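So the structure is just underneath, and the comments pick up after that.
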Amino acid sequence: MLVASMLVTMVWLAGRYEASQVQDKLERDTINATGDIRVALNRNLQDLQALNAADDDIAAWKIRAAEILQVRRELMRIEWRSTDLRLRAHAETPYRSINWDDHGHGDGMLPESSLTCTHARRLNGPSYSPSHFQLLGEGLGTETMDVCLPQTQNGHLVGYVIGTYSLQGILMAQVGKTLPRTQEVSFTEPDGTRLALVGAAWRGSRMFTSQQLLDLPGNTLVLRMDSWHRAPSVFPNVMTALVTLMSIALVSVVVVLVRDNRRRLRAERDLGDALAFRKAMEDSLVTGMRARDLQGYITYVNPAFCNMVGFTAEELLGLNVAPYWPPELAEEYAQRRDNRLSGASPPPREGHESVFMRKDGSRFPVLIFEAPLINAQGMHTGWMSAFIDISEQRRMEELSRASQERLQATARLATVGEMASLLSHELTQPLAAISSYATGSLNMLSHTLPDPAHALQQLQVQQQDLRMALEQIGIQAERAGRVIKSVRDFVRRRDQSREVISAAELFEAVQPLVNLQAHKLGVQVRTEIEPRLPPVLCDPTMVEQVLLNLARNGMQAMDSLQTPARVLTLQARGLESYGQRWVEFSVADCGVGISPEVASQLFTPFFTTRAEGMGLGLSLCRTVVEQHGGRLVHRPNHPQGTEFVFTLPAHCE
């Protein structure tokens, strides 16, 4: 064992040393690559600073910008913008053709670029934007990054120069030329998302990774370099080979000795395993076991029986009269034992109840099963008894009877609690809308008129806005009253008022509240209604609450996404099933989806994954839909997100 340990340790140390050398070289290469990229970016900033024209000669500016783009292939576009970020001139790389106007590079700007220029102006220096995806045509694209450089003249801001980098181009221009075939280099975000990749023409069986932060003003990228190598040699040096030969010779001698010893110990091991298995079974039982010989003396008790009666095994073994018999029943139990020893025993599956006494004097009921004990030679050597403590069963029966007596009173309290919970949940949307409109009205009232010449016109506009806000407050207050009435009828299981209403009218009723929250969260709402869709017969208030709850959940599911493509789709279409027409409503989001663990409890009351949630929304939605005769389900929304679908019966005239 010592020689084998030395061999394994030496091979492991040799392999670890070789791996550390490879890792150290990779770390140095990564640091050098990061420095090269930083130097190249600073050099490009100097070239862009040189474009700071003192005059407005746009043609000369374009010529100088085109010269920079021809030399710096990592730059894809250079823009000259005024102080209000309007495009004055631009130049594009001659090495690729891109339709920039479709991606915010026309007169307008991407929000990221605008924020970058604002940050650059505050720093009075260059600022880099977060990376964003740029389409190249034919289904291809690349990750790009903007750098904004403010132009000053005599200490005053006169414009901006914005350069658009291709992250792939930076890697190819600064690192790709010296990159070996066994390495690849990539830009990643701090969370590990890979943005650009160069290299890796040959892959080995083992990968080494090194990362370095590229900290730029306004943006932080991670430069990751991966290197593939073959596994270290089995025998990296001569000393290890010699030790291996010696260990092989020693192992050959040991094998001969172990083979003989193994045969001798096999029988003992099998016997020990059998005894340990039986002991484990006995100790794991919750049923008490007791064995008696033909003379009535106790020969065996398991731990469960000792815990049941409170006596240890040493106190019970060898006794003929059990100390756990109650004194007033000892004579009866002795007579029963004598009958059992004489052969008058009930069948093993037919048990009988009895009362035992613990060591502390307390009584408890037990259920006893007995069977003859037969040894390996087939001889009858005694009796084996199984005991089940049924005191807990008796206690549960008493608790059940007491619970039945309190059931009527609890039902009324549960109804009141359910109604209060539903009201607190369903009144959130109208009250939030009333608060938003009221806050907006107060803001308009406190707004001063900056231009006296247009004060009358602005006052009229303000009055119109206030009238619209007050009308919306009245509508939402009326809606809150309808919610209270509908929830009260829903909890009391009354027949709710049903109206014939179209899907378009349902969507129009919830559209203001949905758009209000969508504007706060930056979500785009799409509504798609199938032409010539039949109306539905339903309680409009409760169905509108279902649509609001599902839309709110969908927008909150996309709140944590960093991508601007956050779309909530509301659809209504007709379908026919088993000869009946239905109208199917769906609410689809582009969020992270629902895991299988959460999906199994999604409609459980009071289950929620949000800290501020109550866990009643989806449970209420499913109950409302089922009361209308439909059903509510969810399914994945491709390519990502979740789609909630519920059906309502179509109204047939």
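Just so you know, all these numbers are worked out from the coordinates, no wet-lab data involved. Bear in mind the structure is a predicted one, so any value in this text is a computation, not a measurement. Here the Cβ positions follow ideal geometry from the backbone for every residue, glycine too, while neighbour counts run over all protein chains shown.
Of the three principal axes defined by the Cα atoms of region 286-389, the extents in descending order read 41, 25, 23 Å. Segment Thr287..Val256, full-extension length gain: 6.3 nm, with 0.36 nm per residue of separation and the alpha-carbon distance subtracted. Each of Glu499 and Gln463 was given a label point 7 Å from its Cα along the Cα-to-Cβ line. The distance between the two points is 3.2 nm. Phi angles across region 534-551 convert, under the Karplus curve 6.51 cos²θ - 1.76 cosθ + 1.60 with θ = phi - 60°, into 3J(HN,Hα) values of x, x, 10, 9, 7, 8, x, 4, 5, 5, 4, 5, 4, 4, 5, 4, 5, 5 Hz, Gly and Pro given as x. The fraction of all Cα pairs in region 11-228 landing in successive 10 Å bins from 0 to the largest distance is 8, 32, 32, 17, 8, 3, 1, 0, given as whole percents. Each of His638, Gln556, Pro649 was placed along the dipole of region 522-653 (beta-carbon charges, centred on the mean Cα), and the one lying farthest toward the positive end is His638.
Stretching Asp338 away from Thr312 to a fully extended chain increases their span by 6.9 nm, per 0.36 nm per residue minus the current alpha-carbon distance. A convex hull fitted around the alpha carbon atoms of region 539-653 yields 122 Å³ per residue.
With the simple model of a label 7 Å out from the Cα in the direction of the Cβ, Arg28 to Glu328 spans 9.4 nm.
Could you give the length gained by full extension between Arg38 and Tyr578, i.e. 0.36 nm per residue of separation minus their alpha carbon distance, to one decimal place? Can you show the working numbers first?
Working: separation 540, 0.36 × 540 = 194.40 nm, distance 6.79 nm.
Stretched out fully, the Arg38 to Tyr578 stretch lengthens by 187.6 nm.
Spacing of the modelled spin labels on Thr609 and Leu271, each 7 Å from Cα toward Cβ, amounts to 5.9 nm.
Qualifying trypsin sites (Lys or Arg not before Pro) in region 496-561, where qualification requires a DSSP coil assignment and no more than 11 other C-beta atoms within 10 Å, comprise Arg532. Normalised by 2.2 N^0.38 Å, with N the number of residues, the alpha-carbon radius of gyration of region 516-564 equals 1.43.
For Arg631, nonlocal amide neighbours, meaning residues 5 or more places apart or on other chains whose placed amide H falls under 5 Å from its own, are Thr647.
Going by average Cβ density within 10 Å per residue, which order do the peptides 507-513, 633-639, 643-649, 384-390 take, highest to lowest?
Details: 507-513: 17.1, 633-639: 12.6, 643-649: 20.7, 384-390: 19.1.
Going by the mean number of other Cβ atoms within 10 Å, highest first, we get 643-649, 384-390, 507-513, 633-639.
Exactly which chymotrypsin sites (Phe, Trp or Tyr not before Pro) in region 124-221 are in a DSSP loop and have at most 15 other Cβ atoms within 10 Å? If you can, show how the numbers build up before the last one.
Working: sites: Tyr128, Phe133, Tyr160, Tyr165, Phe187, Trp202, Phe208; in loops: Trp202.
Qualifying residues, ordered by number: Trp202.
Using R0 = 56 Å, the C-beta based FRET efficiency linking Leu140 and Ile248 works out to 0.45. Residues whose amide H lies under 5 Å from that of Leu373, counting only those 5 or more places away or on a different chain, are Thr381, Gly382, Trp383, Met384; hydrogens are built 1.01 Å from N in the peptide plane. A simple count of charges around Ser113, restricted to other residues whose Cβ falls under 10 Å of its Cβ and scoring Lys, Arg +1 and Asp, Glu -1, yields -2.
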